[in-house]
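Since the structure comes first, as structure tokens, the remarks are kept for the end.
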Amino acid sequence: MFENYEEARIYPTDKRGQRELMALLEKEGIRRDGNLEYTLGLYDGDYRLIATGSCYKNTLRCLAVDSSHQGEGLLNHIVSRLVEHKAQEGVFHLFLYTKCDKVPFFRDLGFAEIARVEGLAAFLENRRDGFASYLSGLKKEIGEQAGKQQAAIVMNANPFTLGHQWLVEQAAARCDLLHLFVVTEDASLVPFSVRYRLVQEGVAHLPNVMVHQTGSYMISSSTFPSYFIKDDGDVIQAQARLDLQIFLRIAAALGISARFVGEEPFSQVTAVYNRIMKEELEKNGLSCIILPRKAQGDAPISASAVRRLIHSGDLEAIRPLVPESTYRFFLSPEGEPVVQAIRAAGEDQVTHY
């Protein structure tokens with residue numbers, strides 16, 4: 001059947017291909033995602049694009065089939081090809097987001113549902129025991145250290161500041177064991193390996209804090225694929241509620257009863273997320289404790305402020321805003337590539353709204 005169709009990669013520089021891609025996605029009610037690394041197309045005998053799918057890191061995105069060709073197994077073919085492509089890159093654990101009514105189709109292709117927000121979005125992976133294995137790994141990390149009162153913080157730490165450190169110290173003083181989850185997703189100007197290390201160094205003086213990686217199970221607003229959701233407000237809702245469904249399962253597995261978060265005076269998206277988080281956690285019997293930001297002078301300390309100072313070339317000015325370990329890193333030869341990346345970044349990357 002597929003001998004009647006031609007398969008080809010659609011490159012970012014292919015203007016005609018990109019126009020046809022946009023037209024097909026728009027026809028099928030899908031917005032083009034801003035993060036696409038590899039896009040595949042299927043063309044009919046007249047070389048018209050009739051099916052497409054894309055990858056971004058370990059996620060599949062922008063999957064669409066022309067309505068006049070649905071039912072022919074084309075999406076199955078596209079997904080299989082994308083899985084093969086990622087396997088050639090050495091990536092075997094894949095994730096995708098889709099509308100809830102599309103879940104049965106992807107389940108038939110071997111994907112397992114992790115979480116959903118009814119009417120908005122579902123989150124799936126191609127390993128049936130993937131999330132269960134992640135939870136088992138967390139339990140092994142904890143071992144016998146679990147106390148009666150356990151709490152959690154989830155942070156990106158881009159980079160780790162005195163504000164982050166103060167939040168962790170305040171939370172650690174109020175529980176027996178604090179789980180500190182660092183977002184693994186490498187979508188920040190400071191790479192994950194650096195962020196994770198600086199967090200570990202910055203909380204080393206707190207014996208009841210355990211630092212964990214989120215893996216691919218906690219997502220950020222910067223990379224949440226919103227291509228199948230039309231309303232921007234619904235995008236924020238879907239990302240927040242999906243993330244919180246996953247966190248609730250982690251909390252249940254580990255015995256976490258509270259989550260601490262710093263108030264958000266800068267990012268509108270994060271402020272909305274915090275509001276939804278408080279509603280969802282309290283509805284499910286967990287406490288959500290929002291603490292005021294630590295300030296330097298009259299201004300709350302933020303990672304954005306630190307990045308802006310580095311962007312402007314004023315490294316000395318970050319010293320009152322970050323732990324000594326963070327400051328030493330940015331002055332070191334190892335930190336020079338990260339400093340240069342921040343200086344070369346655009347304003348929208350340096351400051352998050």
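The values are calculated or read from the model by the stated rules, or taken from the named source; none is laboratory data. Because the structure is a prediction, the values reported are computed rather than measured. In this analysis, Cβ positions are derived from the backbone assuming ideal geometry, glycine residues included, and neighbour counts consider all displayed protein chains. We work out accessible area using only protein heavy atoms, side chains counted, and drop any ligands, DNA or RNA first. Shrake-Rupley method; radii C 1.70, N 1.55, O 1.52, S 1.80 Å.
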Residue in region 286-300 that is in contact with a Leu (Cβ under 7 Å, 6 or more places away or on another chain), hydrophobic (A, V, I, L, M, F, W, C) and either in a loop (DSSP other than H, G, I, E, B) or open to solvent by less than 30 Å² (accessible area, probe 1.4 Å) (or both) present: yes
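Okay, residues lined up against (1) buried (at least 17 other Cβ atoms within 10 Å of the Cβ); (2) among the basic types (Lys, Arg); (3) outside any loop (DSSP other than H, G, I, E, B); (4) within 24 Å of the chain's Cα centre (by Cα):
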{"residue": "Val79", "(1), (2), (3), (4)": "yes, no, yes, yes"}
{"residue": "Ala87", "(1), (2), (3), (4)": "no, no, yes, yes"}
{"residue": "Gly90", "(1), (2), (3), (4)": "no, no, no, yes"}
{"residue": "Phe106", "(1), (2), (3), (4)": "yes, no, yes, yes"}
Any hit, region 267-283, residues being open to solvent by 50 Å² or more (accessible area, probe 1.4 Å) and among the small types (Gly, Ala, Ser): no
The listed residue being in a loop (DSSP other than H, G, I, E, B) and surrounded by fewer than 20 Cβ atoms within 10 Å (Cβ to Cβ), out of Asp348, Asp314: Asp314
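Quick one: which of Arg307, Arg259, Arg319 is part of a strand (DSSP E or B) and either more than 20 Å from the chain's Cα centre (by Cα) or buried (at least 21 other Cβ atoms within 10 Å of the Cβ) (or both)? Steps first, answer last, please.
Details: Arg307 fails: part of a strand (DSSP E or B); Arg319 fails: part of a strand (DSSP E or B).
After applying the criteria, what remains is Arg259.
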Filter result for Glu7 (surrounded by fewer than 17 Cβ atoms within 10 Å (Cβ to Cβ), charged (D, E, K, R) and touching a Gly at 6+ places or on another chain (Cβ under 8 Å)): yes
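Mind listing just one residue for me: the one in region 180-218 that is among the β-branched types (Val, Ile, Thr) and in a strand (DSSP E or B) and, of those, nearest to Gln150 (Cα to Cα)? Steps first, please.
Taking region 180-218 first, the residues among the β-branched types (Val, Ile, Thr) are 182-184, 190, 194, 199, 203, 209, 211, 214.
Of the ones still in play, those that are also in a strand (DSSP E or B) are 182, 209, 211.
Details: Val182: 17, Val209: 10, Val211: 13 Å.
Top of the filtered list is Val209.
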